[in-house]
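Structure record follows, encoded as structure tokens.
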Amino acid sequence: MCTSTIARVELALGKGRNHTVRFAGHHAALGEACHASRRLLTDVLRSDLGIPGPLLSDCNDIGALRPITPASYPIKPTTPHPTITQSNMPRPQRDGAGALVAFRVASNLTHAASIALAAGVDLDLQCGRHCPTPPYSQSRAQESHTSHAGRNSNDGGSGCGAFSRLGDAMGRGMVQSGNLKRSVTRLLAAKWSAGLMNAPFVSPLGSEGAPTARPSIATRTGAGRSTRGARNMAQERLARTEEGAAEEFDAPGLDGPESRALAREAAERGMVLVRNDAELLPLRGSAQAVGLVGPLAGCGIDGEGGPPGNLCDSQRNMLGGYASPLSRGRVRVDTVVRAFRFRAAGMGRIVRFARGANIDDEDTRLVAEAVAVARQSDVVVAVLGDSVETAGEWADRASLEMPGGQRALLQALIATGVPLVLVLFSGRPVTFGGSSGDDLLTNVSALLTSYPPGQMGSEALARLLFGDVPPGGKLAFSWPRRPTRSDWLLPRSGKWLARSWGVGQSEARWHGTYIDASASPLFSFGHGLTYSTTVLEELSVRLLQPRGGLHVARAQVRVRNVGRLGASEVVQCYARDPIMRHVRRQKRLVGFTRVELDARGSRLVEVLISADAMAMLDDEQRWRVVPGEYQISCGRSSVDPDGLVVKLNL
């Protein structure tokens, strides 16, 4: 765990980095619930990793430290999901008192609050309940009429969360004042660092996204008004925002030219071209009639969706499940249909649309219209994937197949024989059936995938498919052939071992292969194509002087584009450890860089390999680079057959 997880946490958070607010996890680790673990939150995170900022609980998770009963955690049935049969089971309703699971390390909510504070949690994040703070005089009056021994002894379902019980916990001697002062200090330091002490009311977005200071409390409330009035005003502002009133925010900051250009670039660079048989992409002049099909291609009769504030399902799904109501009401989100029609204007291309299927039901009545559109087209672009209901938090699925009626739609489109481009906007990899895991892909000419691509995802997709920009994204996971494999994330298989170590097939069978199917991933980690052909040449790796520097070695390699189109390539370098007693993965990504190349062009690029990427935990739990001979391989993916390999002695 320390090698695979804590190293990544340190890299992501940055050792000693300012007062950024961070979350404790939902889960348990090392036999302890994260929100109750002083070892994880204080000893490891703060002492070992040097992370100074405040820690928040994740959504009601302090309440998960104590047993959850029906009284404290009401259950209500949910609307049955037509394609996920288990979802019509009763689902817990989050309230201010608890979370999803009970770790049973605290006897009640007051006890849970004291444990979390002592472990290092500084603020209790509440979800699903508005918890107004009573005036100080009223809370004191309540305290004077209620004994500490009798308050909150029965958690019930009332109350606004765990830390609302800290006063009770202090009265019972369950909280050390030093822990409370420590948490208050961290929170105030974070506010000071963010500038909130000078301008308590800040508009999140100015005309182009820059924070804009608001008048001070005294100015906004009047010199004669109390702090209570300011607090009530803040609560009213919050309520108005939650109800969708956005008069305090400037739309240009969310939807201005600079914001949209950045969103488009992010979408373009994040899309991965996984397959491109017969070089179907980019779409050429022969593709005069383009059929756009699928529930993520568009919505409405014409497929062009609605304006800001009235987005249809395909537009909302482009944004993903974490898009705020504020952004959904303010930003323009073109559908794929609209973006393609705009791009095809003046080029003589015809763009036809049919929805073909829904994501949230298996109704197949829409398939016939999609097939009719396909038969009138030179090429079909099927835009399928996940909705905000099928991917994201609280949206686990037992299957990796495409939800709803999309599988039936894809089968029908394949049966037409029309060249097919499959675009997947999905929160998880998709499986395609059969023992090899690729049955449905057999007759798919091109496959492009992305996570929900955001407000400019449709324009980015159109630019990529028409060749305005070359694709260059890479898979950040190994794509499984079937959902039952648990170890496909490892760059290891029996065949790989047989090639590398010279063992026979009988011995190789013991190293992770099946007798009836391939154990390799469908597409390997780091895989991704561009429209041209690139080759790597002249690899050299030079050791740097490790005098307080971050990097331990520098790899240099020449990337050459031998094709007639521009290319975008990500050079990836992997390390293989020397012989040693500790077991680690056969390959580890230790560095990468992206390079843009003109047709027939070449560039010499550098990849810096850090000591952090090469280090491991020794027996005394200290990070160090083990001396020995390492193999450094650089290529276009984790299994590039044309990758270059050199040795590096450390």
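The values are calculated or read from the model by the stated rules, or taken from the named source; none is laboratory data. Keep in mind that what you see is a predicted model, and the values were worked out from it rather than measured. In this analysis, Cβ positions are derived from the backbone assuming ideal geometry, glycine residues included, and neighbour counts consider all displayed protein chains. These area figures cover heavy atoms from the full protein model, side chains too; ligands, DNA and RNA do not enter into them. Shrake-Rupley method; radii C 1.70, N 1.55, O 1.52, S 1.80 Å.
Points worth noting:
- Residue-span extension gain [Thr20 to Cys312] - 0.36 nm each, minus C-alpha spacing: 101.6 nm
- Between Asn443 and Asp516, the modelled label-to-label distance comes to 2.7 nm, taking each label 7 Å out from Cα in the direction of the beta carbon.
- With θ taken as phi - 60° and the Karplus curve 6.51 cos²θ - 1.76 cosθ + 1.60 applied, the whole-hertz 3J(HN,Hα) list for the stretch 457-467 is x, 5, 5, 4, 4, 4, 5, 5, 5, 8, x Hz, x standing for glycine and proline.
- With R₀ fixed at 22 Å, the C-beta to C-beta distance from Asp361 to Ala398 puts the FRET efficiency at about 0.80.
- Loop-located GluC sites (Glu not before Pro) in the stretch 387-484 whose Cβ has at most 16 other Cβ within 10 Å (DSSP): Glu393, Glu401
- Between the beta carbons of Leu589 and Ser324, assuming R0 = 30 Å, the FRET efficiency works out to 0.35 to the nearest 0.05.
- Of the chymotrypsin sites (Phe, Trp or Tyr not before Pro) found in the stretch 299-373, those that fall in a DSSP loop while having at most 13 other beta-carbon atoms within 10 Å are Tyr322.
- Cα-based Rg and Dmax for the stretch 405-455, where Dmax is the largest Cα-Cα distance (Å): 11.6, 37
- Cβ-based net charge around Ile62, under 11 Å, with every Lys or Arg adding one and every Asp or Glu removing one: -1
- Cleavage-rule hits, trypsin sites (Lys or Arg not before Pro), the stretch 534-641, DSSP coil, Cβ neighbours within 10 Å at most 16: Arg547, Arg564, Arg581, Arg584, Arg585, Arg600, Arg622
- Once all protein chains are placed together, His27 keeps about 100 Å² accessible to a 1.4 angstrom probe.
- For the peptides 43-51, 529-537, residues were scored by their other Cβ atoms within 10 Å and the scores averaged per peptide; the highest-first order is 529-537, 43-51.
- Here the calculated FRET efficiency for Ala415 and Asp598, from their Cβ-Cβ distance with R0 = 35 Å, stands at 0.30, rounded to the nearest 0.05.
- Of all accessible heavy-atom area on the stretch 269-378, the percent that carbon and sulfur account for (1.4 Å): 50 percent
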